[in-house]
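> Have a look at the structure that comes next, please.
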Amino acid sequence: MSLKDSDRRIIVELELEKAEKTFSQVKVQVEAELWDMAANRLYYALFHAVSAMLILDKHEVGTHRGAVSRFSLFYIKPGIFTKEEGRLYSQLQSLREDGDYNCSIDVIKDEVISKIAPTRNLIQKIISYIQERISSDCQ
């Protein structure tokens, strides 16, 4: 994807807005005890945040699996984010896929509840990373 820096920043902002909006939907799904939908929203909130970071750093975002792989390659391996944060992203992807596509698996409350705070924290960490990168690019 060949973008001008100004266009890239607009897309990054839109992805982050989508991440925040999607994360806010988790609360609604939890209150309704719709655990598969809550897992879906958690995953997509993080996916949009990771996509914003990948786009900012000029890494191609193709598939969902590709985003997880690139997150690992460009951010976990160099130590920018922890292995635990990488596992969280992978776990959310699996949980979302189970809830969305597997009729024989029910996403359970404890799986979802235990991932809400870590997902929120990781999204915040990604936002901080992006803000630092943008401010250092402006100097």
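The values are calculated or read from the model by the stated rules, or taken from the named source; none is laboratory data. The shown structure was predicted, so the numbers you read here are calculated from the model rather than taken from an experiment. Quick reminder, even Gly has a Cβ in these numbers, built from the backbone with ideal geometry, and neighbours come from all protein chains shown. Surface accessibility is based on the protein's heavy atoms, side chains included, excluding ligands, DNA and RNA. Shrake-Rupley method; radii C 1.70, N 1.55, O 1.52, S 1.80 Å.
> Averaged over every viewing direction, what's the projected area of the C-alpha convex hull for the chain? Give it in nm², one decimal, please.
On the way: hull surface 33.1 nm².
Directional mean of the projected Cα hull area for the chain stands at 8.3 nm².
> Additional query: At 7 Å along Cα-to-Cβ for each site, give me the label-to-label distance between A32 and K109 in nm.
1.8
> Let me ask something else about it. Count charges around L34 for me, please; just the other residues with Cβ under 11 Å from its Cβ, Lys/Arg as +1, Asp/Glu as -1. Walk me through the numbers before you get to the answer.
Details: positive: R41, K109; negative: E31, E33, D36.
In short, -1.
> With Cβ to Cβ distances under 12 Å as the rule, what net charge do the other residues near S69 carry (K, R +1; D, E -1)?
Charge balance near S69 sits at +2.
> Still on this model: With every protein chain left in place, what is the accessible area of S2 in Å² (1.4 Å probe, nearest 10)?
120
> So between K125 and L73, what do we pick up on full extension, going 0.36 nm a residue minus the alpha carbon distance?
On the way: separation 52, 0.36 × 52 = 18.72 nm, distance 1.74 nm.
Computed gain between K125 and L73 is 17.0 nm.
> Loop only per DSSP, at most 13 neighbouring Cβ atoms within 10 Å: give me the trypsin sites (Lys or Arg not before Pro) in segment 1-105, ordered by residue number. Present the calculation step by step, with values, prior to reporting the outcome.
Working: sites: K4, R8, R9, K18, K21, K27, R41, K58, R65, R70, K83, R87, R96; in loops: K4, K58.
Within segment 1-105, the qualifying trypsin sites (Lys or Arg not before Pro) (loop, at most 13 other Cβ atoms within 10 Å) are K4, K58.
> For Cα pairs less than 8 Å apart in space and 6+ apart in sequence, what is the mean separation divided by the residue count of segment 4-47, i.e. the relative contact order in percent? Write out the running numbers ahead of the final one.
On the way: 27 pairs, mean separation 17.9, N = 44.
The normalised contact order for segment 4-47 reaches 41 percent.
> Sticking with this structure for a sec: How much length is gained if the chain between H64 and E13 is pulled fully straight, taking 0.36 nm per residue apart and subtracting their Cα-Cα distance, in nm to one decimal? Don't skip to the end; give the middle numbers.
On the way: separation 51, 0.36 × 51 = 18.36 nm, distance 1.95 nm.
Extra length from H64 to E13 when fully extended: 16.4 nm.
> Of K83/K115; K21/K109; K27/K115, which sit over 20 Å apart, Cα to Cα? If you can, show how the numbers build up before the last one.
On the way: K83/K115 15 Å; K21/K109 22 Å; K27/K115 13 Å.
Pairs exceeding the cut-off: K21/K109.
> State the Cα centre-to-centre distance between segment 63-80 and segment 81-101 in whole Å.
12
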